[in-house]
Structure formats: structure tokens, C-alpha cells
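Asker: One structure is given below, represented as C-alpha cells, and several questions about it will come after.
The values are calculated or read from the model by the stated rules, or taken from the named source; none is laboratory data. Fair warning: this is a prediction, and the values are worked out from it, not measured in the lab. Neighbour counts run over all protein chains shown; Cβ positions are idealised from the backbone, glycine included.
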Amino acid sequence: MQAIWTAALLAGGLLGHPDHHEDRLLFHFAVGTHPIRNGAWEDVSHQATAILVGKPEVTQHGPTECLRFAGAERLSLARSLDEARTILPTREFSVSAWVSIARTREHGGLVGCFQNNEGAEQGWLLGYAGGRFTFSLATTGTDDGDGRFTHLTGGSEIRLGGWHYVVGTYDGETMKLFVDGLLSAQSREQSGDILYPDEADYSIGAYLDRDENHPLNGALFEAKAYRRALSADEIGKVADKNGNLLAWLPAAEELTFLVRPYLQFGTLDSMTILCETSRPTRMEVRYAEVQPLEKTASTAEFKPISELTLSELKPHTRYFYQVVCTDEADVKLESEIYSFQTAPPADRPWAFAIIGDTQRNPEVTRKCAEGAYALRPNFLLHCGDVVDDGFAKNQWLKDLFEPCARLMAHVPTFPVIGNHEKDSHWYYDYFSMPKPEYWYTFRYGNAQFFMIDTNRPLEPDSEQFKWLEKELAASTAAWKFAAHHHPCFSSDEDDYGDHIRGNPKRGAYTFGYPNAQHAIPLYEKYGVDIVFNGHIHVYERTWPIFAMAINQDKGIRYITSGGGGGRLESPAPQRTWFSLHVQRAFHCCQAAIHDRTIVFKAFDIEGRMFDSFELKKPAPPTSSEQAAAAGSRVERAAATAAN
């Protein structure tokens, strides 16, 4: 099969553009030509050799054999520019790839030699961003001192699993991006020779520079580069002759749950249910207080991620529910039967669990989630960094939803957004919160929660600060809790100043995230009781703090719960004045509340409790006591006036 297909491609033009002069061809790798031996792959032109990093496998994908990348491999053409000189273009060039993308991400690379670091933009990259192909280039003609990219973005969405023919060209004045034989974007912003960095890796199958490595998750049949700009006619002919490859799509897969049903934003009288299926479906929810599940609600549109809010429910009541998804061919998929409970009224006891920084450690996350569920909370508060890379779709599926499936099917999750989410659309697709979603507030029992985005500005003149002050001022809840990803106070050894070696390049000693610290005056002014955060991968609880001093009466407790899976961190060698308890451990926490009392506990993943405290708040004065106090003040004022 492979030999026949390769012969057909040679005849059809896929493995050869019309111009094959050696002074124009830079390299040409194609599966089915030269074999891979001892981790090295020689190209068709004998001008380049690629070293395999990891173990990409030769496999069949549709009509052709290809090199399969599973998100951890790449091909290295050269590890230095000196090594790459003979196969790098200097001015006019074309670069092309036949590729099938399995999973997209924020930054992805097909072929490139570049650096993109803190304003320094040099070299070039044929790649993809999110769901579209891209071509990026920096030249001497637009050099602003450390280079400046022009990014071209394709107009059509990537068909996941299908084959695409992607080409970037530059003729010294105009750069163009072609997708599947058609011109998709162009620019005349760049001119002159290509501006290369001092050092860069020359790679196939990865977005790779000094501080980022995002490997391809998909398949590659061919990668090719010329020292000239191919014409639109040449590119179009290659696409036309291989239309059968472009037209091929994977067979419809079995209808399954990619994400099993889970709960969001539970209130006194409503609950939101979401799920994701392997192809678009309509979702029906069957529910009732007891079986049979006679009540139903359903969505109108066919979507991969379905969302439905059940309303007019009874407060503090358990409901059983089952999700049934139906695709456009009337194929049905049924979940098992789960249960949830609506929120309690203000006079009932309730509890919530806290987990942060699950990131990319599914086994630890599973233990944290199971530990939290064993405590039977009313809901889960997640302190952010739910995954390690917010644009890596597979991490949402495998590192968050799979290990947390049982917990999230029975109790709703209220998250705050972390820095690792990268403000990705997946965060907003998978979580359903009040607009604008990156900050919001909600009432639960006799408490109000203020969920804040510390990635966005929190200075006093910022939109978020003004929103927060307005909501805090209006709150009448008995308990006020704030949650955000970054800490106001932290004893970490190197995040907020280098406490190990005293390196001034690591910044001033702030003992917390300066942007989050902007909110402290509001917390103190409006009587916030506890502030929860993640980001630092430890457990830490402060003394009650007010006006930068320990104050048992007015002080706010700041609790870091960042032990959900991210690599554990350590506190500084010397103790900080504000820290009461630090524990370097994977963990989850629970706060149980009734009336004016909170009982808080922290547990490691073996179920051992390592910290706890009880917080009591004095009862507010009764109306008669308030009247008496007011009368006393009037009497004192009158006596003062008489004197």
C-alpha cells in the first residue's frame, strides 16, 4: 500500500514541485522515501538529515502512511544556526507541509527557525494558532532593534483529523499563506533579508524557541522548503492533483462522552448541567426527586459541548438526573444516573471543598478530588490553574475532567481563572459562570463569594476594582469570602523575591502578588472574612491580618490551597511574620458553615488532617439592642450639649 501510494504521489506532484534545481531546493522530507534509521531521517534531496526527538511513529492515516506525533515529539534539522546555514533561506523562500492536526493549541509549529521572547521576534514559522494555520516572518526591513513579526492567519478553520496542504511564501517584498491550494492571507509589511536570531533550533513538528516547546499532536506526511517563492499556480496544481487526500476525512467515530455530565453554578432553585460528546448532539436531561425520572428539559441545537440549566427547583433538595444525547442521525447516548442537591437557605448548615492548581498530574488530582468528594461538600471552589496549558484540549479531558468526574457529576464547581488557563476559550466553553465569567459573585447559604481574576488589572482605577467595591459595599451576607488565583501573602522561596540566593534580578521582596494586593484595602474596608488563592503549590494559612499587622478581632485570614497536582514548592528558609501554618503537600480543604461559625480543615491525599481552625463571629445586635444603643448615643449627646 505504502509503495503504491508513494508512486502515485510522485506521479501526482505531491512529492515534487515543478522546479527541482538543487540550488533552489533546501530540503524535502516525505514518508515512504528514505527510511528512518537509528533515529535519523535523510531527506529526498540528500541535503538534510532530521534527528528524531522522541519516537514519532510511521503509521497509516487515511490514504497514506505518515509520521504520527503524539504531542511530545519533533524533528530537529539543526540545533544551531551555523549547523543550519546550508538549508536555511536567506531571503526568498517557500515552506510547505502536508499535515493532519489532531488537537490544536494556542501556539503550534509545523516548520520553523525562530525566537519569540519578550518583544524579540526573529526568524520564521509555518504553524497554527488555535484553530487556524499561520505564517510568521521577521525581516531586516521592519527590524525595530530586536525584530518584529508579521503574522498571517488563515481564513478557514482547521479540520481536525483531516489532511491539509499548508504553504508559506516570501519573495523579498510580499509574504503569503496558502491553505489547501488557495491564497488565504498576504502582507507587504516585511521586506529585505530574513532577520535571524543569534541562536535558534530549526525544527519540524513543534513550536520551539528559547522558552517554549509546544509539540505537534497529529500527523505529518511531507515537509519541504525552497529557496524561492512558489507561484500560486504551482501551489494550486499540487493541491488539485491530490484532491482525494484533501477530501478525505476520518470515519465517524462512535458516539461517546468526551466529558461526562458535570454540574455548574448551583443555586437555591436551579442547577446547570454540561457534557461534551464526540460529535454534535442535542442534550436531554431527565430528572426528578425519585425515580422514575419523569421531568425533562432539552437543548435546541446540536453542539459538541452542551449546556442546560434546570430551573424552578426546590431549595436544599436532592434530585436524580440522567443525560441523554442524540446526534443528527438519531443515535442516542445515555449517561448513568447521578444526583445533585440545590443550595440551602441561609439558616441551614452547609460546606464547600477547596482545591487549587490541578494542572497536569491526573493521579494526584484524582486523589484530591476523591478526598474532597468523601467530605460530601455542597460545592467545589477551584483556585485556578485547572490545567497546565489552557489551549491544550487533551489536558482538559485527561487531566481535569477524567480524574474529577465523580466529584463534578455530584457537586457544582465554582472556579477562578489562573495564569495557566491563558484566557483560553476552553475555560469559557467548559465553565458556565455569570458574565463576564473571569470575575463574578454569587450567594450560597448565608455567605457571598467574590471571584476575582488577578490576571487582569486590579488597580483602584480598574474596571474590576470598581466592580468589586460596588459588590462588597452592597453585600448583606453574614460571611464574605474572596477567591482569586494569585496570593496576597505568600512565604514562597522564589516567586516574590529570591529568598534562596538573594538575586536582585528576581525582583523586589513583595511576599505576594502585587496586583492581588490592590484588593486588600477593599477586603479590610468591607469586612471580608477569608481570602482563598492558589498559584503557589503548597498549603499556607496566615494569621488574621488587618492594616499589615496581626489583629484577632478585625483580621482577614488568607489561605493558599495550591496542592491539587502542580509540582510542589517550598517556603523561604526564614519564617515570615504573617504565616501561621505552611505545609508542603498535595491536599484539599473543606470549610463547614452554620450560622456564625466556620470549621475549617485541610487534608493530605492520604486523608490525614494536618490543619484546622474554628472561627466564630459575634451575633449581630437585635433590633431592640440597636434601638437601645441609639437611645444611649442620643442621651450622651444631649448630656454633652448641656455641659
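Asker: Out of R376, R406, R318, which single residue is assigned by TED's automatic domain parsing to the domain that holds A447, touching a strand residue (DSSP E or B) at 6+ places or on another chain (Cβ under 8 Å) and modelled with pLDDT of 95 or more?
Answerer: Being assigned by TED's automatic domain parsing to the domain that holds A447, touching a strand residue (DSSP E or B) at 6+ places or on another chain (Cβ under 8 Å) and modelled with pLDDT of 95 or more holds for just one of R376, R406, R318, which is R376.
Asker: Now a separate question. May I ask you to list pairs of residues, at least six apart or on different chains, whose Cβ atoms are under 7 Å apart, with the first in region 463-478 being assigned by TED's automatic domain parsing to the domain that holds K525 and touching a residue at least 12 places away in the same chain (Cβ under 8 Å) and the second being crowded, with 17+ Cβ neighbours inside 10 Å and among the small types (G, A, S)?
Answerer: From region 463-478, the pairs are L468/A519; A477/A447; A478/A447.
Asker: Filter the strands (runs of 3 or more DSSP E) completely within region 510-566 down to those with at least 2 residues that are at positive phi, touching an Asp or Glu at 6+ places or on another chain (Cβ under 7 Å) and without any contact (Cβ under 8 Å) to a residue 24 or more places away in the chain.
Answerer: Here the list is empty.
Asker: Please work out which residue is farthest from E437 (Cα to Cα), limiting yourself to region 472-488 and to residues that are surrounded by fewer than 23 Cβ atoms within 10 Å (Cβ to Cβ) and touching a helix residue (DSSP H, G or I) at 6+ places or on another chain (Cβ under 8 Å).
Answerer: So, considering only residues that are surrounded by fewer than 23 Cβ atoms within 10 Å (Cβ to Cβ) and touching a helix residue (DSSP H, G or I) at 6+ places or on another chain (Cβ under 8 Å), the one farthest from E437 (Cα to Cα) is K480.
Asker: Can you name the residue in region 301-326 that is more than 28 Å from the chain's Cα centre (by Cα) and in a loop (DSSP other than H, G, I, E, B) and, of all such residues, is surrounded by the fewest Cβ atoms within 10 Å (Cβ to Cβ)?
Answerer: Restricting to residues being more than 28 Å from the chain's Cα centre (by Cα) and in a loop (DSSP other than H, G, I, E, B), the top hit is E312.
Asker: Under the condition of being in a loop (DSSP other than H, G, I, E, B) and touching a residue at least 40 places away in the same chain (Cβ under 8 Å), which residue from region 121-160 is farthest from the chain's Cα centre (by Cα)?
Answerer: Taking the candidates together, the pick is D143.
Asker: Restricting attention to region 115-139, which residues are modelled with pLDDT of 95 or more and of a type in the set (A, V, I, L, M, F, W, C)?
Answerer: Those that are modelled with pLDDT of 95 or more and of a type in the set (A, V, I, L, M, F, W, C): W124, L125, L126, F133, F135, L137, A138.
Asker: Give I536, I545, I593, I559 a once-over and let me know the one that is at pLDDT 95 or above and either surrounded by fewer than 22 Cβ atoms within 10 Å (Cβ to Cβ) or over 20 Å from A478 (Cα atoms) (or both).
Answerer: The conditions single out I536.
Asker: Sticking with this one: Quick check on region 170-185: of everything there that is in contact with a strand residue (DSSP E or B) (Cβ under 7 Å, 6 or more places away or on another chain) and closer than 13 Å to A138 by Cα, which residue is surrounded by the fewest Cβ atoms within 10 Å (Cβ to Cβ)?
Answerer: Ranking the qualifying residues of region 170-185, first place goes to T174.
Asker: If I filter region 366-395 down to residues being touching a residue at least 60 places away in the same chain (Cβ under 8 Å), outside any loop (DSSP other than H, G, I, E, B) and over 16 Å from V411 (Cα atoms), which single residue comes out as farthest from the chain's Cα centre (by Cα)?
Answerer: Selected residue: K367.
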